[in-house]
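Here the structure is laid out as structure tokens; the discussion comes afterwards.
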Amino acid sequence: MNIMLINYKQMTRIATSLLINGGNFSRKYATTIADYKITWVRPEKVSYLSSEKSGDQGLEIDVKSSDFGKIYNELPELKNASDIVKKMFTLQFLPRKETINVRRDKILELVQRHKLDRNSPEATSKLKLLYFHFSVAIMTNDIYQLQEYLTEYPKNMKMKVQLLETIAKRKKMLKFLRQCDYRRFEWILEKLNLVYKPVPELPHQITRKDSLRRLTEKHCNELVQEKLDIYKKELKKLQKDFYMEKAEKLAFIREEEIACGLQPSVSEEDIAYAKQKAREYQK
């Protein structure tokens, strides 16, 4: 009889819920964006040629079309040549690759310690951090020339993929350099005028074990800091007696050296300084 009564009550609740909620077995929650009354606007697509995508803020690299190529820059024969011959060896009449090489060398000069700094011990070390400098600088030059090329030929999909791969590879190197040597990471960002935006961390599940571990670590750090503060106070109290004893011993050493006819190794200024420190800690 009790079971039948319980079933009857449950069926009554279900029937009432159906009548109230309009045929739904559960409460009516918002199921579409319109139900929330939120106006959603699609964000603007970031162009692969923009500085926001690559992080390059621009470098003041002065490469003129009237400059000589890399291999012709220091030729002694060009010094006495005519203007027409000199003009034929400028970047204006050389292949585009020569302009890229000249710009790359000028970008490399920003991170080099000297002109031939490519095989230094740091470049061949375990982490190869200096090699990262050259790699980031060379990839920065590649990104600039690919952006210039794609501005003129935007339908070249092969170059577009190469540009995006170079940006991702440089970002990966900067991430590793940021973890290993943060000061050098900041230095290379300043030299090459770059902006690094780290990838946001993925959300992780909050667990009791991790929370207890963090609370335990925080409590242990507080205990250690408390003991260090107590120890510092004890040392500060002992400094008064220490400087008083130091002044007495320095005066004794000076008197003994003068009595033995030796040049004193302790000056009166040292004794006066020790007495002054003792008076400061008495206050």
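Those residues that are on the phi > 0 side of the Ramachandran plot and surrounded by 10 or more Cβ atoms within 10 Å (Cβ to Cβ), I need them from region 42-77; list them, please.
If the condition is that a residue be on the phi > 0 side of the Ramachandran plot and surrounded by 10 or more Cβ atoms within 10 Å (Cβ to Cβ), then 55 is the only one that fits.
Checking residue 154 against (1) modelled with pLDDT of 90 or more; (2) assigned to a helix (DSSP H, G or I); (3) in the same structural domain as residue 55 (by the TED database), only one condition comes out false. Which one?
Only one criterion in (1) modelled with pLDDT of 90 or more; (2) assigned to a helix (DSSP H, G or I); (3) in the same structural domain as residue 55 (by the TED database) is unmet by residue 154, namely (2).
For residues that are part of a helix (DSSP H, G or I), out of contact with any Gly (no Cβ under 9 Å at 6 or more places or on another chain) and closer than 21 Å to residue 154 by Cβ, tally how many sit in region 44-83.
3
For region 181-196, enumerate the residues that are under 10 Å from the mean Cα position of the chain (by Cα) and surrounded by 10 or more Cβ atoms within 10 Å (Cβ to Cβ).
181, 182, 184, 185, 186, 187, 188, 189, 195, 196
Kindly provide the set of residues from region 84-107 that are surrounded by fewer than 12 Cβ atoms within 10 Å (Cβ to Cβ) and not in a helix (DSSP H, G or I), ordered by number.
Result: 93, 95.
Could you go through region 137-155 and let me know if any residue there is farther than 25 Å from residue 112 by Cβ and among the charged types (D, E, K, R).
So far as region 137-155 goes, yes, one or more of its residues are farther than 25 Å from residue 112 by Cβ and among the charged types (D, E, K, R).
Considering each residue of region 149-167, count those that are open to solvent by less than 60 Å² (accessible area, probe 1.4 Å) and among the aliphatic types (A, V, I, L, M), and give that number.
Total satisfying the criteria: 4.
Out of 3, 61, 14, report the one residue that is modelled with pLDDT of 70 or more and not basic (Lys, Arg).
Exactly one residue qualifies, and that residue is 61.
Look at region 210-266 and say how many of its residues are under 30 Å from residue 279 (Cα atoms) and part of a helix (DSSP H, G or I).
35
Of all residues in region 236-267 being of a type in the set (Asp, Glu) and open to solvent by 100 Å² or more (accessible area, probe 1.4 Å), which is farthest from residue 280 (Cα to Cα)?
My answer is 255.
The values are calculated or read from the model by the stated rules, or taken from the named source; none is laboratory data. Keep in mind that what you see is a predicted model, and the values were worked out from it rather than measured. For neighbour counting, all protein chains shown are included, and Cβ atoms are generated from backbone atoms with ideal geometry for every residue, glycine included. To get the accessible areas, we keep the full protein, side chains included, count just its heavy atoms, and leave off ligands, DNA and RNA. Shrake-Rupley method; radii C 1.70, N 1.55, O 1.52, S 1.80 Å.
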